[in-house]
1. I'm told Val148 meets every condition in (1) modelled with pLDDT of 95 or more; (2) over 30 Å from Phe84 (Cα atoms); (3) among the hydrophobic types (A, V, I, L, M, F, W, C) except one. Can you identify the failing condition by its number?
2. If a residue must be assigned to a helix (DSSP H, G or I), in contact with a helix residue (DSSP H, G or I) (Cβ under 9 Å, 6 or more places away or on another chain) and either touching a residue at least 40 places away in the same chain (Cβ under 8 Å) or among the polar types (S, T, N, Q) (or both), how many such residues does the range 199-218 contain?
3. Which condition number in (1) buried (at least 16 other Cβ atoms within 10 Å of the Cβ); (2) of a type outside the set (Phe, Trp, Tyr); (3) in a helix (DSSP H, G or I); (4) modelled with pLDDT of 95 or more is the one that Arg299 fails?
4. Answer yes or no as to whether Leu141 is closer than 21 Å to Thr9 by Cα, at pLDDT 95 or above and either of a type outside the set (Gly, Ala, Ser) or under 19 Å from the mean Cα position of the chain (by Cα) (or both).
5. Looking at Asn308, Asn330, which one is at pLDDT below 75, within 20 Å of the chain's Cα centre (by Cα), in the same structural domain as His204 (by TED's automatic domain parsing) and surrounded by 18 or more Cβ atoms within 10 Å (Cβ to Cβ)?
6. Within the range 112-134, track down each residue that is assigned to a loop (DSSP other than H, G, I, E, B), more than 25 Å from Leu274 (Cβ to Cβ) and either out of contact with any helix residue (DSSP H, G or I) (no Cβ under 9 Å at 6 or more places or on another chain) or among the aliphatic types (A, V, I, L, M) (or both).
7. Failed condition for Arg167, given (1) among the charged types (D, E, K, R); (2) closer than 29 Å to Ala194 by Cβ; (3) under 20 Å from the mean Cα position of the chain (by Cα), with all others met?
8. Working only within the range 134-145, note down all residues that are over 12 Å from Val95 (Cα atoms) and either free of Cβ contacts under 8 Å to residues at least 12 places away in the same chain or crowded, with 18+ Cβ neighbours inside 10 Å (or both).
Amino acid sequence: MGTPQTAFTGTEAVPPGQAFDEARLGRWLQDHVPGLAGPLQVARFKGGQSNPTFLLTAGDRRLVLRRQPTGTLLPSAHAVDREFRVIRALAGTGVPVAAAHALCEDPVVIGSSFYVMDHVEGRIFWDPTLPGHTPAERAALFDELNRVMAALHRVDPAAVGLADFGRPGAYLARQVARWTRQYKAAETEPIEAADRLIDWLPQHMPPEGERRIVHGDYRIDNVIFHPTEPRILAVLDWELATLGDPLVDFAYHCMSWRMPPAARGLAGVNTAALGIPSEAHHLARYLLRTGRSTAVPARDWHYYLVFNMFRLVGILQGIAQRAQQGNAANANASAVATGKRARPLAEQAWALAQTL
């Protein structure tokens, strides 16, 4: 398999289980993407576990297609229509996104809903330790991650037409309930720690935070950096975006510091020697950039981490379930390998919960 960078970078032939009528798609594109000309070529991006993503080449144009997976889907999952809407809304703000062209919700075209956006040429890093970079380069790349997430959380949802992008109030309570449902719907084997978290999380919620646009899956491999500069050109994978507490969103991003290297995390890594900020420094920079004058109470911060760990357990279970069904987006996703990540993560979350 090699390193994550080699395993997940680039494209490959579309596997038979994800193939669709490329001629029909080509005709649809001609009607919905102005200026598109030439025969259509389709390849699938290797990376990603959720919504299958394809590179479309027609003449000198390169586009990206994001579609819902086929097969049975978990309720409210894989909402490509919401992805399309938020990318469109953020165009022209301080949040870098690819130009979104068209949304298709008619399954007749390729078998499920999809949207098409510009292809953005740049770098995607799959290993947060950033092998081959200097400490100064790593520091600059992580600072840019921080800057862009702060920029997202400063956007006024109403000002970009997203005032109704999420239900008002009780964000964390709804998230806990949602991911409890998702976890149970995708459960492939009983995990005692997850069951304990399901009971614990509703009883220990911090006070409601402010309401902003939250990405839901912001991490280093979900952004495209400039080919040579420490500058993000596009934030990707908006399928979990909604309106909610930005600190919960930032805590999810900071789980990298809590995850082991085997799960593409930074736990146990000498981050100072690498030039990577500590979790505490990363959080402090974010708070400064978003204009917060007070620190986050440690109890609240740890709760957000526990919740996000449980949420990720639910996501991992969903990937495992789709792998069992044969419709996982990433050909490397297997029920066995992914399921093995869910149990230790649930146990880590439960252990952290016991410290509160």
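1. Single failed check for Val148: (2).
2. Initially, the range 199-218 is screened for residues assigned to a helix (DSSP H, G or I), giving 199-203.
Subsequent filtering for residues that are in contact with a helix residue (DSSP H, G or I) (Cβ under 9 Å, 6 or more places away or on another chain) retains 200-202.
Retained after the next criterion (residues that are either touching a residue at least 40 places away in the same chain (Cβ under 8 Å) or among the polar types (S, T, N, Q) (or both)): 200-201.
Total meeting the criteria: 2.
3. (1)
4. Details: closer than 21 Å to Thr9 by Cα: yes; at pLDDT 95 or above: yes; either of a type outside the set (Gly, Ala, Ser) or under 19 Å from the mean Cα position of the chain (by Cα) (or both): yes.
Yes, satisfied.
5. On the way: Asn308 fails: at pLDDT below 75.
Unique residue meeting the criteria: Asn330.
6. Applying the first criterion (assigned to a loop (DSSP other than H, G, I, E, B)) to the range 112-134 yields 112-113, 119-122, 124-134.
Narrowing the set further to residues that are more than 25 Å from Leu274 (Cβ to Cβ) leaves 112-113, 119-121.
Within the range 112-134, His119, Val120, Glu121 meet the criteria.
7. (3)
8. Just the residues of the range 134-145 that are over 12 Å from Val95 (Cα atoms), to begin with: 134-143.
Those that are over 12 Å from Val95 (Cα atoms) and either free of Cβ contacts under 8 Å to residues at least 12 places away in the same chain or crowded, with 18+ Cβ neighbours inside 10 Å (or both): Arg138, Leu141, Phe142.
The values are calculated or read from the model by the stated rules, or taken from the named source; none is laboratory data. Predicted, not measured: the structure shown is a model, and the values here were computed from it. Backbone-built Cβ (ideal geometry, glycine too); neighbour counts: all protein chains shown.
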